[in-house]
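Chemist: Right, I'll just put the structure down here and ask away after.
The values are calculated or read from the model by the stated rules, or taken from the named source; none is laboratory data. Given the structure is predicted, the values throughout are model-derived calculations rather than measurements. Reconstructed Cβ throughout: ideal geometry from the backbone, glycine too, with neighbour counts over all protein chains shown.
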Amino acid sequence: MADQEVYRGLKGVTVDVTEASFIDGEAGKLLYRGYNIHDLAEHSTFEETTYLLWHGKLPTRRELEHFDSQLRVSRTLPPEILEIIRLIKSAHPMDVLRTAVSALAAFDPDVNDNSFEANIRKGIRLTAQFPTIVAAHARIREGKEPVPPNPNLGHAANFLYMLHGKEPDEVSARALDVDLILHAEHGSNASAFSVRVTASTLADMHAAIVAGIGTLKGPLHGGAAEAVMAMVKEIGKPENAEAYVKKALAEGKRIMGFGHRVYKTEDPRARHLRKLAKEMGERMGQPEWYQILTKVEEAMAPLREKGIYVNVDFYSGSVYYLLGIPEDLFVPIFAMSRISGWVTQVLEQWKDNVIIRPLLKYVGPMDLPYVPIDQRVEAA
Ligand SMILES: CC(C)(COP(=O)(O)OP(=O)(O)OC[C@H]1O[C@@H](n2cnc3c(N)ncnc32)[C@H](O)[C@@H]1OP(=O)(O)O)[C@@H](O)C(=O)NCCC(=O)NCCS
């Protein structure tokens, strides 16, 4: 056992095969089920992309209409869940989401049915209910009543409607829709991996999704978009950006929204978010956020030779901000999208399950004598 190799953080370890997404970190390429993320961002919707991820093929018009109508009728929360949200309204939105999803298991007729069909039904309900939970909590904590879902609106538009109490314009709804497509699935990232670990014990869909939400909460995974927006506000004006970046780098700090474990060139998802950040800023009469971001990107150019480029989070924070979304909802919005990938990976794990149970190399003392309690010496 002494020569046991240790791969801390499972860096570079391939744990299984997948048909869900392909990532080429050197070329900056991302495919969902074989389809390029650029085509999906330009032509698809979150609903269609979710169907693609779960079923492995693009839906026909009839299949998509059926899937979409199931999502629309599944948005309403049981009143007990709204009661729970009211009871814990001062908690972080990710904690509220985690608790509400855990409680939803008690109301789900399929909770103990792990068949493919039941998992699709549960996936639809959870995907439909995530935005309702996030929006209801955001309003309740402000002393407002939740806005019931509007079945005439698409998934992204309905979330903005439930959050703000008024229908969004088409450009805003499409901006969020594209953002949800871009964040839907990304291989064996930390939250998807914990979803798989939980599923691999043959626990249920809700247990696996709760594990994913818990893992996504951490700032090293879901929290970078929020940190980018905080940085942009601190920078304040485009002309301050270069000095800010130089000072931060000289102090050995990291600039949030740059660098990626897998991408060593520009994250392909950033292209679409950059465009949206620019368009949204101009439309809203707030071009300064985009201007600051581009100045930061220019100041970071020397780090490209180390493979440090913008990642998906660099421009997404400003898009959310311009959509009037409070900063602590940025991570729950990531969850509203990634539920699609989490369900995909539960389905994939259960197609050919093996319990995920790696090893730890023991480096502690060996064979110590057991000392009776009255002979143990208190530390000074
Ligand atoms: C995402 C991240 C954790 C990837 O880390 P990683 O693959 O383990 O890369 P490393 O931490 O080994 O970094 C490699 C080098 O690039 C530098 N670097 C990495 N990210 C950097 C950043 N955001 N700003 C400045 N320098 C950075 C490191 O300091 C290191 O430099 P060195 O070789 O001179 O020591 C890292 O890039 C990071 O912390 N980024 C900021 C947070 C963020 O945006 N997260 C969202 C990811 S989608």
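Chemist: Can you tell me which residue among 264, 233, 253, 237 is within 8 Å of the ligand (Cβ to nearest atom), over 18 Å from the mean Cα position of the chain (by Cα) and of a type outside the set (Ser, Thr, Tyr)?
Modeler: Answer to the selection: 253.
Chemist: Hey, among the residues in segment 221-230 that are over 15 Å from residue 325 (Cβ atoms) and in a helix (DSSP H, G or I), which one's nearest to the ligand (Cβ to nearest atom)?
Modeler: 224
Chemist: Can you tell which of 338, 269 is closer than 28 Å to residue 213 by Cβ, part of a helix (DSSP H, G or I) and near the ligand (Cβ under 10 Å from one of its atoms)?
Modeler: Just a single option satisfies the conditions, and that option is 269.
Chemist: Take segment 204-220 and flag every residue that is outside any helix (DSSP H, G or I) and away from the ligand (no atom under 16 Å from the Cβ).
Modeler: Hit for segment 204-220 is 204, nothing else.
Chemist: Sticking with this one: From the set of residues in segment 279-334 that are small (Gly, Ala, Ser) and in a helix (DSSP H, G or I), which is nearest to residue 170 (Cα to Cα)?
Modeler: It comes out as 281.
Chemist: Also: Name the single residue, out of those in segment 240-250 being buried (at least 16 other Cβ atoms within 10 Å of the Cβ) and more than 11 Å from the ligand (Cβ to nearest atom), that is farthest from residue 45 (Cα to Cα).
Modeler: Across segment 240-250, the extreme among qualifying residues is 244.
Chemist: For residues that are within 16 Å of the ligand (Cβ to nearest atom) and either touching a His at 6+ places or on another chain (Cβ under 8 Å) or among the aliphatic types (A, V, I, L, M) (or both), scanning just segment 1-35, find the one that is nearest to residue 363 (Cα to Cα).
Modeler: Per the stated criteria, the residue is 10.
Chemist: For segment 20-136, list the helices (runs of 4 or more DSSP H) that sit wholly inside it and hold at least 1 residues that are outside the structural domain of residue 341 (by TED's automatic domain parsing) and under 23 Å from residue 183 (Cα atoms); which are they?
Modeler: In segment 20-136, there are no helices (runs of 4 or more DSSP H) which contain 1 or more residues that are outside the structural domain of residue 341 (by TED's automatic domain parsing) and under 23 Å from residue 183 (Cα atoms).
Chemist: Might you check whether a residue that is touching a strand residue (DSSP E or B) at 6+ places or on another chain (Cβ under 8 Å), of a type outside the set (S, T, N, Q) and within 16 Å of the ligand (Cβ to nearest atom) occurs anywhere in segment 36-49?
Modeler: Yes, segment 36-49 contains at least one residue that is touching a strand residue (DSSP E or B) at 6+ places or on another chain (Cβ under 8 Å), of a type outside the set (S, T, N, Q) and within 16 Å of the ligand (Cβ to nearest atom).
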